[in-house]
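Data block below; observations after.
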Ligand SMILES: Nc1ncnc2c1ncn2[C@@H]1O[C@H](COP(=O)(O)OP(=O)(O)OP(=O)(O)O)[C@@H](O)[C@H]1O
Ligand SMILES: Nc1ncnc2c1ncn2[C@@H]1O[C@H](COP(=O)(O)OP(=O)(O)OP(=O)(O)O)[C@@H](O)[C@H]1O
Ligand SMILES: [Mg+2]
Ligand SMILES: [Mg+2]
């Protein structure tokens, strides 16, 4: 890890104005390091997606940003799609249903890397193989609805990394998938970050999923950053009561059953 | 062994769309005893929701029988079917989709009371307040539109609605999957308490094996329309016999506390 990718100071995001104003992030101070895998966890409505959108410059017009987002390594603010890749929960919705997936990935590569059409197509094929879609050659021509949910999510990842972004943001990218597919996608993201030297922000409700591979975990609660610390430290000895509560509410295989074990 | 409350035998259901055939259910048999929770797990598309819906008679099976309290559900209709229906209720994953968006919490809870003639209009407000209380919600919530309560509150309203007919079996299809971990814990505690107090049985459908383990007496594992394994919850999780069971157990995200601590101390 070598230095700071982006530095947030007093980051505040407000949706709407006047009576209807709602602060979705409040005074966030956080440095995101180059090459780290940062998990962002927190309850529904805590501001996780708002943070992702703010980093990508993708907030809707009714949102106001206060505070600073600095990108020390960039001459100009990074652009979503090129410098920042996004994978959302519902990949089916982020892919265009009437365009073959190969062309959707190739478009990103052409746009951001200035490749020719044949080059972009080769890159799309390589990316489909990279995300381990079986038979990439025929998958190039497949439409999203012809793929399973897990495969669509892999295609969305391929499209997100096609422009060689330095930051990949996965927002609940595996929440809608069953645990078997979920584990495969997490392993894939992990491997991509290692191999391509990308920074990963992994947003999730699921603290156990985050604990499996994150270098650092940031906990959001009610629009505020509760703590952001190395995963081992935070999980071993939560610095805040709220984090401890979140950890305690996790249900794992070793959680004692809530029922008496014998059959009724 | 007592006669099971619910017993399904040889259920088969094939979906046909655009020339493709998908076996939703392929010769499925399963029973649930009174007061028992059966956890139904399996990968996406394995047929869990299809089985839940067939039990509720929201989908007609191609073949097979469903017996509830010793009566063959398929042979019942009219009044007899309505009487049995009262005894089985269902809660879905996304309660907002199951409610009329303009309805208030009180409307949602009044429906089953009215349909099954369980409370006169004059008695309803008191009964609604009781139902809300049984799921840990304030009676003040009754006047609110359902879209104006939080997701966890909405899911509890859905459970309160299911309780209105005093059922013996509730089918829960991914009923806690969309909830926060903190709210999810509250709803699970509630379900377990209601079971203890009223002897309710649950068919608990989820793809989260750890959650299923925490609330189920027995677990059934589905894959591609078939039940590939059934057994006591602890046994299935500790020593799964089917390939699907092993894959599901292996894929459960684990809190890596000890592993990470070891790494941290090595790096120190
Ligand atoms: N476009 C918007 N206009 C108004 N309020 C919004 C908007 N988008 C989000 N919010 C509100 O801002 C808060 C934070 O929302 P955000 O989507 O960032 O939460 P989240 O942590 O991603 O939640 P979830 O886990 O449910 O996805 C919530 O209270 C939400 O209702
Ligand atoms: N109305 C339908 N028409 C055609 N195929 C269907 C229909 N409903 C379900 N299927 C198919 O039947 C199979 C079983 O679906 P089902 O919804 O029962 O699975 P599930 O185990 O509940 O999955 P999930 O965990 O994703 O909810 C799947 O392959 C699904 O695509
Ligand atoms: Mg979100
Ligand atoms: Mg289902």
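Bear in mind these aren't lab numbers, they're just calculated from the coordinates by the rules spelled out. Since this is a predicted model, take the numbers as computed values, not measurements. No Cβ is skipped: glycine too gets one built from the backbone with ideal geometry, and neighbour counts run over all protein chains shown.
Brief remarks follow.
- Here the contact order of chain B, divided by its residue count and restricted to Cα pairs under 8 Å and six or more residues apart, works out to 26 percent.
- Shielding by partners, peptide B:172-179 (average Cβ within 10 angstrom, other chains): 1
- Whole-angstrom gap from the range A:110-162 to the range A:217-264, using each part's C-alpha centre: 37 Å
- Fraction of alpha-carbon pairs over 18 Å apart in the range A:92-165 - percent: 26 percent
- Averaging 1/r over every pair of different alpha carbons in chain A and inverting the result gives a Kirkwood radius of 19.5 Å.
- Percentage relative contact order, the range B:96-166, counting C-alpha pairs under 8 Å, at least six apart: 44 percent
- Using a Gaussian network model of chain A in which every pair of alpha carbons under 10 angstrom is joined by a spring, one finds that among A:78, A:230, A:165 the greatest mean-square fluctuation is at A:230.
- Kirkwood estimate for the protein assembly as shown, i.e. one over the average of 1/r between Cα atoms, Å: 25.2 Å
- 10 °C / 1.306 mPa s Stokes-Einstein diffusion coefficient of the range A:191-254, Kirkwood radius on C-alpha pairs, µm²/s: 125 µm²/s
- Shielding by partners for peptide A:247-257, expressed as the average number of C-beta atoms from other protein chains within 10 Å of each residue's C-beta, is 6.
- Each of A:116, B:206, B:134 has some number of other Cβ atoms within 10 Å of its Cβ, and from fewest to most they run A:116, B:134, B:206.
- Fewest-first ranking of B:193, B:226, using other Cβ atoms within 10 Å as the exposure measure: B:193, B:226
- The base-10 log of I(q)/I(0) for the range A:65-190, evaluated at q = 0.10 Å⁻¹, reads -0.31 [Debye formula, identical scatterers on Cα atoms, solvent excluded].
- Whole-angstrom gap from the range B:14-90 to the range A:1-50, using each part's C-alpha centre: 46 Å
- Per residue, the convex hull around the alpha carbon atoms of the range A:3-156 comes to 148 Å³.
- Entry note, chain A: the mean residue ellipticity at 222 nm calculated from DSSP H runs of n ≥ 4, each adding -39500 (n - 2.57), is -10000 deg cm²/dmol after division by the residues and rounding to the nearest 500.
- Relative exposure of A:34, B:48, B:79, judged by other C-beta atoms within 10 Å (fewest first): B:79, A:34, B:48
- Whole-number D in µm² s⁻¹ for the range B:41-92, Kirkwood Cα-pair radius fed into Stokes-Einstein, 20 °C, 1.002 mPa s: 177 µm²/s
- Residue by residue along B:36-49, Cβ atoms of other protein chains within 10 Å of the local Cβ number 2 on average.
- Mean residue ellipticity (222 nm) of chain B, computed from DSSP H runs ≥ 4 via -39,500 (n - 2.57), nearest 500: -11500 deg cm²/dmol
- Max mean-square fluctuation residue, GNM over chain B, Cα-Cα springs under 10 Å, options B:207, B:147, B:256: B:256
- Among B:232, B:167, B:61, residue whose mean-square fluctuation peaks in a GNM of chain B (springs only between Cα atoms under 10 Å): B:232
- Distance from the Cα centroid of the range B:181-202 to that of the range B:139-158 is 18 Å (rounded to whole angstrom).
- Taking chain A and dividing mean pair separation by its residue count, relative contact order in percent (alpha carbons under 8 Å, at least six apart): 24 percent
- Kirkwood hydrodynamic radius of the range B:1-128, Cα pairs, Å: 16.9 Å
- By the equivalent-ellipsoid construction on the alpha carbon gyration tensor, the range B:96-166 comes out with semi-axes of 18, 12, 11 Å, ordered largest to smallest.
- Global form of the range B:26-68, assessed from the alpha-carbon gyration tensor, a/c cut-off 1.5: oblate
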